[in-house]
1. Return the residues of the stretch 190-200 that are surrounded by 21 or more Cβ atoms within 10 Å (Cβ to Cβ) and either under 14 Å from the mean Cα position of the chain (by Cα) or outside any loop (DSSP other than H, G, I, E, B) (or both); say none if nothing qualifies.
2. Of everything in the stretch 43-94, what is hydroxyl-bearing (Ser, Thr, Tyr) and either assigned to a loop (DSSP other than H, G, I, E, B) or within 16 Å of the chain's Cα centre (by Cα) (or both)? Give them in sequence order.
3. Testing residue 25 on (1) surrounded by 14 or more Cβ atoms within 10 Å (Cβ to Cβ); (2) without any contact (Cβ under 8 Å) to a residue 12 or more places away in the chain, one condition comes back false. Which one is that?
4. Please go through (1) touching a helix residue (DSSP H, G or I) at 6+ places or on another chain (Cβ under 7 Å); (2) closer than 26 Å to residue 186 by Cα; (3) surrounded by fewer than 21 Cβ atoms within 10 Å (Cβ to Cβ) for residue 67 and return the number of the only condition it doesn't satisfy.
5. Could you please find all residues in the stretch 65-114 being within 27 Å of residue 194 (Cα to Cα) and of a type in the set (Val, Ile, Thr)?
6. Can you pull out every residue in the stretch 163-178 that is of a type in the set (A, V, I, L, M, F, W, C), outside any helix (DSSP H, G or I) and in contact with an Asp or Glu (Cβ under 8 Å, 6 or more places away or on another chain)?
7. Can you find a residue that is surrounded by 13 or more Cβ atoms within 10 Å (Cβ to Cβ), outside any helix (DSSP H, G or I) and either at pLDDT 95 or above or touching an Asp or Glu at 6+ places or on another chain (Cβ under 9 Å) (or both) anywhere in the stretch 261-279?
8. Would you confirm, using the coordinates I've provided, whether residue 143 is in a loop (DSSP other than H, G, I, E, B) and under 24 Å from residue 235 (Cβ atoms)?
Amino acid sequence: MIWPFGKPAPARASRIAIRPPVAEASRAPLALVLIARNEARRIGDWLTFHALAGVSHVYLYDNGSTDETAQIASAFNGCAVTVIPWRLDTSEAKSGMILPRQIIAYAHAICTFGGAYQRMGFIDTDEYLVPRAAKTLPEALSGMDSPNISLPWTMFGHSGHRTVSEDAVPFAFQYRAAAATGPLLNFKCIVDPCNVTQVSTHKFHTASDGNMSANTLGFKAPNTKRSDAFVTQDVIQLNHYYLMSEAEMQAKLSGPAVSGSARDQRAAAIMRKAALIEKAPVQDTSAVDFLARHGIESSSELRSRFTG
């Protein structure tokens, strides 16, 4: 990318090296880390879903919200939640290299809190970790020994919604792209924080396995070769509710990205993915099936689970 008048845009750090934390004597099974802005409409449902899934603690890095996101998260009582104000705009002073706030947040979470957990997952509020058969994520993870587990996006579309749905996301959006491939293929990770040596948004390095990552069936591949053959939705499925309603997609097109990518480039990428997702969507009830195993059949039942 070129700035006006021919000045080159500053480079962006793609990963950050860290010294992993020391494991505490007794580590809780699983914490989640996310960076979010103005997610008051969705954050309560997201927290409830993952509390049901056995998450011990959520670390929410609040990227300058102007709505009630932080207050809703702080008041949640289904699991522990720590809200951290996170309005960073940083670069390396000499070279001008941008230090992405999302990657720094992930590194901060690992170094500051990671010693207390066997696993940490790094996802967004439009992403849900769905145990396919187990009742909880720790149960699903119990048979996996890799310190670095990669979960491919399962990309969900509009499901016929033109305007914002009042239903919780798992009930509202049940149609996804038939396959995770091409522009629709990317990964988020669940790691042993006490083994991590390099942090990025979609890939991690560990002391034990270097740049190797495992899928949920135990097959390992280098981070740069997590191709179609590596992809599986078995054991744990990462539902990425990428488009939401058509109205929400339009808002997404005009809004800023946490990654800091250029707005026009981001909008073009969203439209390419939207076309692929909506071309021939298939029904996927994995998230509502998981909720049914917990006796939840509706949005109102989900929202009342940790209240009263």
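The values are calculated or read from the model by the stated rules, or taken from the named source; none is laboratory data. Here the structure is a predicted model, which means the values were calculated and not measured. Every residue, glycine among them, receives a Cβ derived from its backbone with ideal geometry; neighbour counts consider all protein chains shown.
1. 190, 191, 193, 194, 196, 199
2. 48, 56, 59, 61, 65, 66
3. The number of the failed condition is (1).
4. For residue 67, the exception is condition (2).
5. Result: 81, 82, 83, 84, 90, 98, 103, 104, 110, 112.
6. 164, 168
7. The answer is no; no qualifying residue exists.
8. Yes, satisfied.
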